[in-house]
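Right, one structure below, let's go through it.
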Amino acid sequence: MRIATPDLVTNSYFPALAAEELGLYREEGLDAHVELLPSLDAVNALRDGAVDFVAGGAHTMLLAFPGWKGAKLAVALSQGTPWLLVLRADLPARRGDVAAVKGLRIGAAPGPDRAFLQMLHEVGVDPARDGITIAPVPGALDPGASFGVLAADALERGLVDGFWANALGSETAVRRGVGKVVVDVRRGDGPTGAGQYTFAALSTTDALIAREPERVAAAVRAIVRAQGILRKDPARATEVGRRRFPPPAAAIIAAVVERDLSFYDPAISDQAVAAMNGFARSLGLLPAPVAYEDIVAIRFRNLWTG
């Protein structure tokens with residue numbers, strides 16, 4: 001089974017990768033592999049049957065499945081909006097000050113940039129009026145690129161003044177001394193509700209659920225087991241990172257995972273779905289509310305408790 005993800009070197013979708021590298025898919029009877037595809041390519045590949053699952057931002061499914069027709073969220077990989085705002089370490093920006101981006105060059109990947117733009121809108125910051133340049137960092141759109149690591153590199157090289165990316169990229173910039181975290185919406189920074197714009201999830205199609213429900217259940221069980229292993233022993237993240245990450249990222253993934261353990265919860269709550277739907281509607285991705293059971297594959301939720 002093929003699992004597409006828009007970012008491979010990340011803590012956000014890490015349980016999907018850990019389930020592969022720790023042998024959990026195999027133990028559940030699946031021959032599954034996680035591979036990197038850009039966000040839109042990933043959901044389009046799912047729609048077209050080229051991949052079986054997507055491990056990514058839950059709301060991105062709407063780019064290929066309007067109105068949630070034909071797709072479902074099977075299990076959460078991590079809770080909350082997974083991206084952080086990092087700015088140059090020498091800037092006088094205070095923690096939580098979203099407006100500190102005025103006049104700056106900010107790196108943001110297609111897809112996550114929508115959450116960043118929504119956050120700016122909610123605090124009254126207008127990129128055009130306030131002189132903010134928002135674009136992918138150099139090399140981010142190349143095949144096989146992982147945005148967070150490239151964003152930290154771009155910040156260190158002075159190509160951007162900050163970036164909006166996952167916590168692994170943020171930690172890389174902080175440890176190098178070139179950046180500082182200004183906004184972590186999952187921990188209460190930024191406008192109210194920004195931490196619940198979306199969340200990381202494993203998604204699949206209604207067709208696969210109907211055709212092979214036990215294989216989908218096996219994938220969900222593997223994810224839940226991976227999260228449990230990481231919660232019990234975050235150091236196991238290092239062996240996963242050594243197999244799939246560049247060495248610098250592999251060296252710090254366990255520390256990032258340990259700090260984020262509270263977010264590795266497989267449950268998809270009604271509140272999380274309602275908040276995500278509100279975010280999708282604000283982006284124009286969803287014209288009207290959709291019921292929880294039309295978004296979430298509720299037949300598998302008994303597996304979330306392990």
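The values are calculated or read from the model by the stated rules, or taken from the named source; none is laboratory data. Since the model is a prediction, treat every value here as computed from it, not as a measurement. Cβ sites come from the backbone with ideal geometry, for glycine too, and all protein chains shown count toward neighbours. Side chains are part of the model used for accessible areas, which takes the heavy atoms of the whole protein and leaves out ligands, DNA and RNA. Shrake-Rupley method; radii C 1.70, N 1.55, O 1.52, S 1.80 Å.
Packing-wise, with mean Cβ within 10 Å as the measure, how do 6-15, 153-162, 288-297 rank, highest first?
Details: 6-15: 28.2, 153-162: 19.9, 288-297: 16.1.
Going from most to least packed, we get 6-15, 153-162, 288-297.
When the Kirkwood radius is taken over all Cα pairs of segment 52-175, what Stokes-Einstein diffusion coefficient follows at 10 °C and 1.306 mPa s, in µm²/s?
Values: Rh = 15.5 Å.
Roughly 102 µm²/s, to the nearest whole number.
Report the trypsin sites (Lys or Arg not before Pro) located in segment 3-100 that are in a DSSP loop and have at most 13 other Cβ atoms inside 10 Å of their Cβ, or state none.
Numbers: sites: ARG26, ARG47, LYS69, LYS72, ARG88, ARG94, ARG95; in loops: LYS69, ARG94, ARG95.
Within segment 3-100, the qualifying trypsin sites (Lys or Arg not before Pro) (loop, at most 13 other Cβ atoms within 10 Å) are LYS69, ARG94, ARG95.
Note down the magnitude of the dipole of the chain about its Cα centre, charges +1 on Lys and Arg C-beta and -1 on Asp and Glu C-beta and zero elsewhere, to the nearest 20 debye.
Charge dipole, the chain, about its Cα centre: 360 debye, nearest 20.
Find which of GLY193, VAL181, ALA210 sits farthest along the positive direction of the dipole of segment 168-210, computed with +1 on the beta-carbon of Lys and Arg, -1 on that of Asp and Glu, about the Cα centre.
VAL181
Sorted by accessible area (1.4 Å probe), largest first, how do LEU120, LEU63 line up? Please list the in-between numbers first.
Numbers: LEU120 0, LEU63 65 Å².
Per-residue accessible area, sorted high to low, gives LEU63, LEU120.
Ignoring ligands, DNA and RNA, what accessible area per residue does the chain give at 1.4 Å, in Å²?
Values: 11890 Å² over 306 residues.
Accessible area per residue, the chain: 39 Å².
Hey, what angle do you get for helix 247-259 against the long axis of the chain, alpha-carbon based, 0 to 90 degrees rounded to 10?
Approximately 80 degrees, to the nearest 10.
Top mean-square fluctuation among ASP265, ASP130, ASP52, Gaussian network model of the chain, C-alpha springs under 10 Å?
ASP130
Once both axes come from the Cα atoms, what is the angle between helix 112-122 and the longest principal axis of the chain, in degrees from 0 to 90, rounded to 10?
60
For the chain, what relative contact order do you get, as a whole percent, if you take Cα pairs closer than 8 Å and at least 6 residues apart? Display every interim value, and only then the final one.
Working: 631 pairs, mean separation 84.9, N = 306.
Relative CO of the chain lands at 28 percent.
With every atom except the alpha carbons ignored, what do you get for Rg and Dmax of the chain, in angstroms?
Just the Cα atoms of the chain yield Rg and Dmax of 18.1, 56 Å.
Whole-Å semi-axes of segment 1-121's equivalent ellipsoid, largest first, each the root of 5 times a Cα gyration tensor eigenvalue? Write down the numbers at each step before the final one.
On the way: eigenvalues 194, 62, 26 Å².
Over the Cα atoms of segment 1-121, the ellipsoid semi-axes are 31, 18, 11 Å.
So how far apart, in nm, are the two label points at LEU159 and LEU63 if each is 7 Å from Cα heading toward Cβ?
In this crude spin-label approximation the distance works out to 2.0 nm.
In 10 Å bins starting at zero, report the fraction of Cα pairs in segment 139-252 per bin as a rounded %.
The percentages, shortest bin first, are 11, 29, 36, 20, 4, 0.
Can you put HIS121, HIS33, HIS59 in order of accessible area, largest first, using a 1.4 Å probe?
Numbers: HIS121 130, HIS33 85, HIS59 5 Å².
Highest to lowest solvent-accessible surface, that is HIS121, HIS33, HIS59.
Report the net charge of residues surrounding ALA42, where surrounding means a beta-carbon distance below 13 angstrom and charges are Lys +1, Arg +1, Asp -1, Glu -1. Mind showing how you got there, number by number?
Numbers: positive: ARG2, ARG47; negative: ASP7, GLU35, ASP41, ASP48, ASP52.
Here the count lands on -3.
Run the accessible area of segment 46-110 with a 1.4 Å probe and give the carbon-and-sulfur part as a rounded percent. Can you show the working numbers first?
Working: 1080 of 2120 Å².
Carbon and sulfur: 51 percent of the exposed surface of segment 46-110.
About its Cα centre, what dipole magnitude does segment 1-53 give when the only charges are +1 on Lys and Arg Cβ and -1 on Asp and Glu Cβ, stated in debye to the nearest 20? Write out the running numbers ahead of the final one.
Numbers: 3 positive and 10 negative charges, 23 e Å.
I would put it at about 120 debye.
Kindly rank 176-183, 196-203, 240-247 from highest to lowest mean number of other beta carbons found within 10 Å of each residue. Show your work: numbers first, answer last.
On the way: 176-183: 19.6, 196-203: 26.5, 240-247: 17.1.
Final packing ranking: 196-203, 176-183, 240-247.
Suppose every K and R has +1 on its Cβ and every D and E has -1 on its Cβ; what is the size of the dipole of segment 2-96 about the Cα centre, in Debye to the nearest 20? If you can, show how the numbers build up before the last one.
Details: 8 positive and 11 negative charges, 119 e Å.
About 580 debye.
If you line up the long axis of helix 167-176 against the longest principal axis of the chain, both from Cα atoms, how many degrees apart are they, to the nearest 10?
Tilt of helix 167-176: around 40 degrees.
Going 7 Å from the Cα of ARG187 toward and past its Cβ, which residues in segment 86-122 have a backbone nitrogen under 12 Å from where you end up?
Correct set: 95-96.
Using a Förster radius of 35 Å, what is the FRET efficiency between ALA251 and HIS121 based on their Cβ-Cβ separation? Nearest 0.05, please. Don't jump to the answer; show the numbers that get you there.
Working: r = 37 Å, r/R0 = 1.06.
Efficiency, from the Cβ-Cβ distance: 0.40.
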